[in-house]
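Step one of this worksheet: look at the structure below.
Throughout, read-outs are computed from the coordinates displayed, never taken from laboratory work. Quick caveat, the model's predicted, so the values are computed rather than measured.
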Amino acid sequence: MNKFVLQVFLFLAFIPLAIAVGYGLLVIAPIICCFLAINSYKFKNYKEMYIWMAFAGLSFMLALYVLGIL
C-alpha cells in the first residue's frame, strides 16, 4: 500500500484513543481538584482552596454533562 494511505489510517486510529483519554481526564478532573483543595487547606491557604473547590464543582458539572447525566 501507499505510505501516505497507511499514515492516514494510523492518524484515524488515534482519534478515538484521544477522545477516550479526554473523557477520562474530564472524569478524573474533579478528584484532582478536590485533592488540590485539601492540600491548600492543610497549608492554610483558604483563597486557593476556594478556587480549587470552584474548579472541582465546575469540572464535576462538565463531567456530568459530557457523560450525558446532566
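How long is the gain from Tyr23 to Tyr65 if the chain were fully straight, where each residue apart is worth 0.36 nm and the alpha carbon distance is subtracted?
Between Tyr23 and Tyr65, full extension yields 14.0 nm more.
For the chain, what does the helix formula give at 222 nm: sum of -39500 (n - 2.57) over DSSP H segments with n ≥ 4, over the residue count, nearest 500 deg cm²/dmol?
Helix contribution divided over all residues of the chain: -32000 deg cm²/dmol.
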